[in-house]
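Asker: Here's a structure for you.
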Amino acid sequence: RERGIDLTTVTGSGRRGRIVPEDLDRLAQPQAAPTADDGAGLGLAPWPQVDFEKYGEVERVELSRIRRLGGANLARNWVRIPHVTHHEDADITDLEAFRKQLNAEQADVKLTMVSLLLKAAAATLREFPEFNASLDGEELVLKKYYHLGFAADTPRGLVVPVIRDVDGKGILALAGELTELSGRAREGKLGPGEMAGATFTISSLGGIGGTAFTPIINAPEVAILGATRAARKPVWDGEAFVPRLMLPLSLSYDHRVIDGAAAARFCVHLAGVLGDMRRVLL
């Protein structure tokens, strides 16, 4: 009674279900919510409070600061943004050969597929400005700059460094900046300004695997591009099936701003750019 605990709600862990002092101590401890927002204002059911130790041995690991902050933002974005994800395959057979050729010709920087995705995405965003935008009340803010974020996996959790003015940089310059920012992200040396101001984000799982996923939009952006591992598939060329290296793309978009037809056109255009990077010169 002194602790304000209703004993009828307590499950005893003692012999024959008897309530012991440890049961009361456990309930008296502050309960950590999964995110900074408990969802009460959204009409969501309360988060279940479970005595996990009742069922067996457990280990409690404190979340890193990045995990706590990132988790709260992801939960907010998922609940408040009506996500739809469009999936598309891009033929990168020639692009992969070009990437390997450039890496063989120079050793200054390692050119990855993410660098090429950044360049292709910037060219596509220029053709589809509603994807390079933010929703501000009843207005859509169309941005005339192309600052692209990329998801970086670190021991402390996911961070999103931002490369500015991607449209005006060459692919080798992008590759060098990508390598530098990725390294500093892993070391925890990124400043807040280096993770702010993105207009669009790319999340690549190509180095791990997968065939498709639903990346969560990074508010206040209105879209995010996901990529998984490329694989050789038989593609009909009009006369026969030929093996082509296909890159799976997953575009999540804010349905309040972008409709399905626009998302499909965006992905088709992006796939075309990846199929022939000369299109970025147009």
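Asker: Counting only other residues whose beta carbon sits under 15 Å from that of Ala264, what net charge do I get with K and R as +1, D and E as -1?
Answerer: -4
Asker: Moving on to the next point. Any idea how far the Cα center of segment 220-247 sits from the one of segment 103-172, in Å?
Answerer: For segment 220-247 versus segment 103-172, the Cα centre distance is 20 Å.
Asker: Under a straight-distance cross-link criterion of Cα-Cα below 19 Å, which lysines are reachable from Lys110, leaving out those fewer than 8 residues away in the same chain?
Answerer: In chain and number order, the partners are Lys100, Lys119, Lys169.
Asker: Shape call for segment 58-200 from the C-alpha gyration tensor, a ≥ b ≥ c root eigenvalues: rounded (a/c under 1.5), prolate (a/b greater than b/c) or oblate?
Answerer: Values: a/c = 1.78, a/b = 1.19, b/c = 1.49.
Oblate.
Asker: Further, regarding this structure: Looking at Pro220, Ala45, Leu251, which one has the Cα that reaches farthest to the positive end of the dipole of the chain (charges on Cβ: Lys, Arg +1; Asp, Glu -1)?
Answerer: Of Pro220, Ala45, Leu251, it is Ala45.
Asker: Sort Lys144, Lys169, Lys100, Lys233 by Cβ crowding within 10 Å, fewest neighbours at the top.
Answerer: Numbers: Lys144 8, Lys169 19, Lys100 11, Lys233 14.
By the 10 Å Cβ count, ascending, the order reads Lys144, Lys100, Lys233, Lys169.
Asker: In terms of the Cα gyration tensor, with a ≥ b ≥ c the square roots of its eigenvalues, is segment 68-111 rounded because a/c is under 1.5, prolate because a/b exceeds b/c, or oblate? Walk me through the intermediate numbers first.
Answerer: Numbers: a/c = 8.15, a/b = 2.05, b/c = 3.98.
In terms of gyration-tensor shape, oblate.
Asker: Express the relative contact order of the chain as a whole percentage, based on alpha carbon pairs under 8 Å and six or more residues apart in sequence.
Answerer: 22
Asker: Filter the GluC sites (Glu not before Pro) in segment 186-282 to those in DSSP coil with at most 15 other Cβ atoms within 10 Å of their Cβ, and list the result.
Answerer: Passing sites in segment 186-282 are Glu187, Glu239.
Asker: Only Cα pairs within less than 10 Å get springs; with that Gaussian network setup on the chain, which residue of Ile217, Ile19, Ile202 has the largest fluctuation?
Answerer: Highest fluctuation of the listed residues: Ile19.
Asker: What's the ranking of 43-55, 151-163, 126-138, 60-72 by average number of surrounding C-beta atoms within 10 Å, highest first?
Answerer: Going from most to least packed, we get 151-163, 126-138, 60-72, 43-55.
Asker: Quick one: Karplus J couplings for segment 223-228, per residue in order, coefficients 6.51, -1.76, 1.60, θ = phi - 60°, nearest Hz, x for Gly and Pro?
Answerer: Listing the rounded values in order: 7, 8, 10, x, 9, 10 Hz.
Asker: If you average the sequence gap of Cα pairs under 8 Å that are 6 or more apart and divide by the length of segment 147-215, what percent do you get for the contact order?
Answerer: Working: 81 pairs, mean separation 29.4, N = 69.
Normalised by residue count, the contact order of segment 147-215 is 43 percent.
Asker: Nearest 10 degrees is fine. How inclined is helix 171-186 to the longest principal axis of the chain, computing both from alpha carbons?
Answerer: The two axes meet at around 20 degrees.
Asker: Please check: in the Gaussian network model of the chain (C-alpha springs, under 10 Å), which one of Asn103, Asn77, Asn218 has the largest mean-square fluctuation.
Answerer: In the Gaussian network model the winner is Asn103.
Asker: If Lys and Arg each add +1 and Asp and Glu each add -1, what is the summed charge of the other residues whose beta carbon sits under 13 Å from the beta carbon of Ser182?
Answerer: Its environment carries a net charge of -1.
Asker: So what is the 222 nm mean residue ellipticity for the chain from helices alone, if each DSSP H run of at least 4 adds -39500 (n - 2.57) and you divide by all residues, rounding to the nearest 500 deg cm²/dmol?
Answerer: -9500 deg cm²/dmol
Asker: Computed over the Cα atoms of segment 125-282, what is the ratio Rg over Rh, Rh following Kirkwood?
Answerer: 0.98
Asker: May I pose another question? Out of residues 5 or more away from Gly210 or on other chains, whose amide H comes under 5 Å of its own, with H placed 1.01 Å from N in the peptide plane?
Answerer: Under 5 Å from the amide H of Gly210 lie the amide H atoms of Arg229, each far enough along the sequence or on another chain.
Asker: Given a 10 angstrom Cα cut-off, can you work out which residue in Ala230, Ala261, Ala122 is the most mobile in a GNM of the chain?
Answerer: Ala261
Asker: When N counts the residues of the chain, how does its alpha-carbon radius of gyration compare numerically with 2.2 N^0.38 Å, as a ratio?
Answerer: 1.26
Computed from the coordinates by the stated procedures, all read-outs in this text should not be read as laboratory data. It should be emphasised that the depicted structure is a prediction, and the values quoted were computed from it without experimental measurement. FYI the Cβ positions are ideal-geometry reconstructions off the backbone, even for glycines, and counts take in every protein chain you see.
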